[in-house]
Structures are given as C-alpha cells and as structure tokens.
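Structure first, commentary second.
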2 protein chains.
Amino acid sequence: MENYDLKKEVTDKYSLRGRVFHKLREDILSGRYKVGEELREVSIGEELGVSRTPVREAFRQLELEGLIRIVPNKGAYVMGITAKDIRDIYMMRSLLEGLCAKWATESISKEQMEEMEENIFLSEFHASKGHVEQMTELDNRFHEIMYEACNSKILEHALKDYHQYVMRVRKKTLSTQDRSVASNAEHRGIMEAIRAGDGELAQSLANRHMINAYENMLRNGFLEQYEKEERGK
Amino acid sequence: MENYDLKKEVTDKYSLRGRVFHKLREDILSGRYKVGEELREVSIGEELGVSRTPVREAFRQLELEGLIRIVPNKGAYVMGITAKDIRDIYMMRSLLEGLCAKWATESISKEQMEEMEENIFLSEFHASKGHVEQMTELDNRFHEIMYEACNSKILEHALKDYHQYVMRVRKKTLSTQDRSVASNAEHRGIMEAIRAGDGELAQSLANRHMINAYENMLRNGFLEQYEKEERGK
DNA sequence: TCCCGTATAATTGTATGCAATTATACGGGA
DNA sequence: TCCCGTATAATTGCATACAATTATACGGGA
C-alpha cells in the first residue's frame, strides 16, 4: 500500500483510457484539431482502435482541463484559447512562478540545483548554435525543475497545468534568437538568486521573467492568430 | 448553437453522471468519507441506484479535481488535504485574489457592484446577530462576486477551484465572532477600493485579507486536525 | 419558394457482460 | 506456529447493447 505513483504513471500510459487521453491532449494542444471542432466518440475510438468507453472517460478528463467542452447529449467540442486567455494565464503565472521561485529557494535539493545549473549551461550552448528544438526542450525543463523544487504539490500541479496550456503558443516564441538569449540570462539570474538563498530576489526575477516572455510574444505578434479565435461553442 | 451554458448546468445536474459527481464531491468535502477510504464503483452505484458507467466517469472527474486518487486496476481512494496543502493554497489564493480584485476594479458591472454592497450590508447585519449559517453563505458569495467581476474565465475558474478545495476548513473558521467582524471590515475595504477605482489598493487589501484569514485559522488551531493527516494512499 | 412538422438517422447516456487484474482465503510444508 | 503458493472471490478495464436525445431529410401546405 506504499507509493503507487510510478506504477500509476506507467500503467496509466498503457491503459486504453490513458492512451486516448494523452493522444487527444497532444493533438488538441498541437493544433491538429481546429477550435470548435466536434469530437465524436466513435470516430476517435475507431481511429485508436478502442471502444467508446475509454474515449468517454478521457473526454471527461479533458473537459476538466478545459481543453474540450462537453455539451450534454450533444457532443464534445475543442475549446479555443483567446489572446485574452493567454494574457490572463501569463499574469497569473507571473505571480505563481514568483512564489514558486521563492519557495524553491527554501526547498531545492542538491540534485535539483545541479540539474538547474546544467540546464542553463546547455541552454546557452544550444542558443549559441541556434538549436531551436533543444532550446525549447531545455526551457520547458528549467521551469519544471523549479516547479518540482518548490516542494508544493499544489503549486507544482497548478503551474504544470498552465505551462502545458500555453505550450502551443510558446513553441513559436523562443524561435527568435534575441529572446532566447535574454530568456537564458533571466533563467541564470533566477538560478543564481536561488543558489544564493535570496528568495525575494528569485521571486521578483521569476515574476519579471514571465512578464518579459509575454511582452515578447506581444511584440512579435504571436498572439494575432488568437485575436479573433472564438472560444469553443 | 448559441449559449448552452445554462442548459448544460441544468442537464448536467440531472444526468446520472452529474448527480453522482456532485454527490460524491459534496460527501468528500463534507467529510462523510474518511481520508484514504476506498470508493467502490458498485457500492456507490447501488447507493445511488445507477450502474458503474456514470460512477466511473464521475471518478475520473473527481480525480482531476484532486478529491480522489485512482490507482489503476485497484481502486479509488479519498484524498486527504494536509495542513501544508491548506497553507500553500492560501498563499496562492492571496496572490490570485489580489489580481482578481485589481481586475475587478476595471471590469465590475453596475449590478455586480450593487450585489457586493448589498452583500456587505447583510453580512454586517447577520454578524451582529450571530447568524453563522448566513454569514458563511455571504462570505462565500462575496468572493464569488469578485471572481465573476474580474472578467477572466481562467482566473475565475482557478479561484473557484481553490475556494471549494478549502471549503471544509473554512466552514469552521468564520464561527468565531471577532474574526467575522474583522473579515467583514476587510470585505468592505476591498469593496470601497473597487468602487473608488483604486486597483492597487484593492489588490493589496485582497492580498492581505487572505493572509489574515489564514493566520486566523492558525491562531485558532483549526489546522491541527490536518497536521497528521496523510495524503490519500 | 419558403416554412414547418414529422419521420428517420446519428449521436450521446446508461446498463450489462466478459476479460484482466488484484485481493483474499486456505492448506501444505518447514 | 509461520511462511508461502495456489485457488477462489472481488474489483476494475473495456466492449457492446439498448434507451434517450438530438440532428437531418423529406414532404406538404401556404
């Protein structure tokens, strides 16, 4: 009756419902399904070779994540994300990432600290080489390390949620060279504040980091495509 | 294809899955089920007179709300909430309620403003009479008005979640006379800042309001019962 | 031609049956 | 007595059948 976390992760991934859930999540976030598109239980099931039951259960989960909207007796529709939603999330994340950085200062483990340092080292290397794929990956990981280091399951969960939620926007964001350099510098600042044990500084830097990321998106017009997008019907 | 919100609410409430979901949610939050208790699909189904299908779907939703934990092929267990979880949530809420108050200052409608004023008037009345039930109800409603007034679906959703999450703790919190008087005064302060259009002030007051609420809980030992509670296995 | 009511088809909601997995009880061996 | 393997029971995972609801097509009347 001890820790089932690992087992759950594994089993969940290989249960049919788990697979459906992850696949749909991925496809929605990657934009394979258009906003407002209707997802039919049978079509999805056939596509994945499963019956309606696991599909329905996956739908219920996706609804709570806000990725789809289920209208009773009618269907499941892919939810859009508006420019305002993105703005709201960044503002909320700004505050919460700040809190996370502060808490991480108090709780980060030696291993996590090392992974963070390594992450920044690699990020700077790949940035200089222009390896977009790796940079994105490392950027995501930097934030995840911090989420895990803050020693709060609740905050970690919330931030991972929001992080995922704006993923599809972020993908394109880092591709500009100057922003990735600036972003790396900001990461380094946060890391050094955490290492130095200066929670207040880490907080305000993480705070600012999010605002900067958001403003960069605005400047580059990354949000324009979402401006006229409707929230899923 | 227009607004199905209302219809959904209604239908959802009267669909079997919806009923199971709401009932289990209520029972878990009210403490009818003990932490770590196993919920069996058939027992729940029999109790409510439905089959396993709607119960299973409700389980999936409850899991994402963090109220239960589903271990694949084993069962669903009621999740506990530790004193640290409560602390974390209050700290996070403090920041987000502040943001909410600031945004509400910019977006609140005439009707919402009026309801807020009325709410405070009634709260002060019931506080003077010692009507605990009504005070709790009005306190909850005050926050909800603010959530709705901030004009952000995302933030509203997040705050309503956290609000619900700590509900079982909050129930007992307001029952002390002096805290409820202080709380009302703080609500009034926030309301007046919003009315005056001073977003910064509203933010810092809402911020402080949460911290005060949390510290009051600590002072009165409301969290002691959660101290040794384990997170659901 | 357009509107609208009805019949039909498509889709979701729920119940149930079977397979797979996990828990429990029992009995043999040390 | 205790340990442990096996058989049995209980429980979840998934598929399927049927009911309820909603969408669509068609035809008649103005």
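Coordinate-derived values only; no laboratory data. On a predicted model such as this, the values are computed, not experimentally measured, just so you know. Backbone-built Cβ (ideal geometry, glycine too); neighbour counts: all protein chains shown.
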> Inter-copy label distances at B:Val50, 7 Å along the Cα→beta-carbon direction, one decimal in nm, shortest first?
Replying inline: 2.1
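What's the FRET efficiency of A:Phe121 with A:Gln164 using the Cβ-Cβ distance as r and R₀ = 30 Å, to the nearest 0.05? All intermediate terms of the calculation are to be shown ahead of the outcome.
Values: r = 26 Å, r/R0 = 0.86.
Result of the calculation: an efficiency of 0.70.
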>> Suppose you put the label 7 Å out from Cα in the Cβ direction; list, shortest first and in nm with one decimal, how far B:Asp161 is from each other copy's label.
In response: 0.1
> Hey, what's the Kirkwood Rh for the protein assembly as shown if you take every pair of different alpha carbons, in angstrom?
Replying inline: 23.8 Å
> Any idea what Rg and Dmax come out to for segment A:5-78 if you just take the C-alpha atoms, in Å?
Replying inline: 12.0, 37
>> Run the label-point distances for A:Phe125 please: 7 Å along Cα to Cβ, every other copy, nanometres, shortest first.
In response: 7.0
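Please work out the ratio of the alpha-carbon Rg of segment B:83-227 to 2.2 N^0.38 Å and round it to two decimals.
Working it through for segment B:83-227, the quotient is 0.97.
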> Check A:Leu39: other-chain or 5+ apart residues with amide H under 5 Å from its amide H, H built from backbone geometry?
Replying inline: A:Ala76, A:Tyr77, A:Val78
> Expressed as an acute angle from 0 to 90° and rounded to the nearest 10, what is the orientation of the C-alpha long axis of helix A:52-64 relative to the principal long axis of chain A?
Replying inline: 40 degrees
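So if we plug the beta-carbon distance of A:Lys74 and B:Lys74 into 1/(1 + (r/R0)^6) with R0 = 30 Å, what FRET efficiency do we get, rounded to 0.05?
Numbers: r = 34 Å, r/R0 = 1.14.
My answer for the efficiency is 0.30.
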> What nm value, rounded to one decimal, do you get for the distance between B:Lys23 and B:Lys84 when each label is placed 7 Å out toward the C-beta?
Replying inline: 3.6 nm
>> Taking the 0 to 90 degree range and rounding to the nearest ten, how far is the long axis of helix B:5-14 tilted relative to the main principal axis of chain B, both from C-alpha atoms?
In response: 40 degrees
> What relative contact order, as a whole-number percentage, does chain A give when Cα pairs under 8 Å and 6 or more residues apart are counted?
Replying inline: 27 percent
>> What do you get for the angle between helix B:199-219 and the principal long axis of chain B? Use alpha-carbon atoms, 0 to 90 degrees, nearest ten.
In response: 60 degrees
